[in-house]
1. Can you tell me which residue within region 70-110, out of those that are farther than 23 Å from Ala43 by Cβ and open to solvent by less than 50 Å² (accessible area, probe 1.4 Å), is modelled with the highest pLDDT?
2. What are the residues in region 11-26 that are open to solvent by less than 60 Å² (accessible area, probe 1.4 Å) and free of Cβ contacts under 8 Å to residues at least 60 places away in the same chain, if any?
3. Has region 112-120 got any residue that is modelled with pLDDT under 85, in a helix (DSSP H, G or I) and either more than 17 Å from Ser28 (Cα to Cα) or open to solvent by less than 60 Å² (accessible area, probe 1.4 Å) (or both)?
Amino acid sequence: KRDNEAEADCDVGVGACRREFGDVVADSVARQVHAALSSALGAAGFSVDPSPRLQGAWRSVARWTFSHASARCGYTSVQLELSYRLRRALCRDLTLGKQVAKALADVALQIRSCEVSGSQCE
C-alpha cells in the first residue's frame, strides 16, 4: 500500500476470516494480531490498524485471494497490508524484521491453540 499520513503503516485485514468464521472469530483474530504487531512495531514509530477500510474481502468482484483460499480450507487467515515506509524499514532493519516475525509466529501459535481447544482467545 502507498504511504499515506492519514492511514496506519500496517493494516490487519480479516475480511476472508469474517466471511468464513463470523464476526466473533474475526474480531478476536484482529485484536490479537493488532496487539502483537503494535508491540513489535510501535517502538520503531509504526502504527497498526486492526479495522482498516479495506479488509481483504472483495464484495463487488468475485476474487479469490490467498486469504480467501486459506479461509475456505479452514485456516484462520489474515491479510496484512504494509506501507512502503514499513517495507523499507523491514528490509533494512534485521532486528525489526525478526521482532515482527516473532510476533506473528507467537500470535499464530496462540490462535491455533484456541482453534484446537475450541476456546475463545483474547
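1. Among those that are farther than 23 Å from Ala43 by Cβ and open to solvent by less than 50 Å² (accessible area, probe 1.4 Å), it is Gln79.
2. The answer is Gly22, Val25, Ala26.
3. yes
The values are calculated or read from the model by the stated rules, or taken from the named source; none is laboratory data. In this text the structure is predicted, and so the values were computed from the model without any measurement. Here the Cβ is made from the backbone with ideal geometry for all residues, glycine too, and neighbour counts use every protein chain on show. Ligands, DNA and RNA are excluded from the accessible area calculation, which covers all protein heavy atoms including side chains. Shrake-Rupley method; radii C 1.70, N 1.55, O 1.52, S 1.80 Å.
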